[in-house]
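In what follows, a single structure is set out as structure tokens and then discussed.
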Amino acid sequence: MRKFLVILDDSKECLNAMRFAAMRAARTGGGVQVLSVILPQEISHWAGVGEIMRAEARERIEVHFEVFAKWMRDRQGVNPELVIREGEAVSEILAQIREDEEIGVLVLGAGTDKAGPGPLVTQLSRASGSLPIPITIVPGDMSKERLEAIT
């Protein structure tokens, strides 16, 4: 089964990327894999404190994921899978793509502020020529109705 890989983070544009991935998966018989990366600066290097921070980060991710997963299951009939990795975001995204051959499309949400589309879109679009899969970039301010129309 072809999977749409979508990144779960704290950005506003993440919502449209999730919607797009779920709607495309539902319409094409695919699946959705949600990847969240715990960044190194989120984890203290002190052993006991680091483990507590890691557990808290995982719990926060799982709660955030469940909101999207419920919508995907209830509205789109898609049961997403969650993958949590630790490290630098871009390198972990690339590693996940290399390790899971069922991933067919990377879906990213683009920011809408003056700072540009966001660091993931910027960095991954630079690497897009050497990626084994296409990237779909979803505008962060696209309406739900427009997303439905194009998926």
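The values are calculated or read from the model by the stated rules, or taken from the named source; none is laboratory data. Note that the structure is predicted; figures quoted are calculated from it, not measured. Every residue, glycine among them, receives a Cβ derived from its backbone with ideal geometry; neighbour counts consider all protein chains shown.
Okay, here's what the table says:
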quantity	calculated
Selection count, the range 96-121, where residues are surrounded by 14 or more Cβ atoms within 10 Å (Cβ to Cβ), out of contact with any helix residue (DSSP H, G or I) (no Cβ under 9 Å at 6 or more places or on another chain) and closer than 21 Å to residue 34 by Cβ	6
Elements of type helices (runs of 4 or more DSSP H) contained in the range 41-126, each with 1 or more residues being under 20 Å from residue 151 (Cα atoms) and in contact (Cβ under 8 Å) with a residue 24 or more places away in the chain	47-71
Condition met for residue 54 (surrounded by fewer than 16 Cβ atoms within 10 Å (Cβ to Cβ) and of a type in the set (Lys, Arg))	no
Residue within the range 15-34 that is surrounded by 15 or more Cβ atoms within 10 Å (Cβ to Cβ), outside any helix (DSSP H, G or I), among the hydrophobic types (A, V, I, L, M, F, W, C) and within 11 Å of the chain's Cα centre (by Cα) present	yes
Residue within the range 61-78 that is under 14 Å from the mean Cα position of the chain (by Cα), of a type in the set (Lys, Arg), modelled with pLDDT of 95 or more and surrounded by 12 or more Cβ atoms within 10 Å (Cβ to Cβ) present	no
Yes/no for residue 82 being modelled with pLDDT of 95 or more, touching a Leu at 6+ places or on another chain (Cβ under 9 Å) and closer than 15 Å to residue 19 by Cα	no
Restricting the range 100-139 to residues that are of a type in the set (Gly, Ala, Ser) and modelled with pLDDT under 90, the residue that is nearest to the chain's Cα centre (by Cα)	118
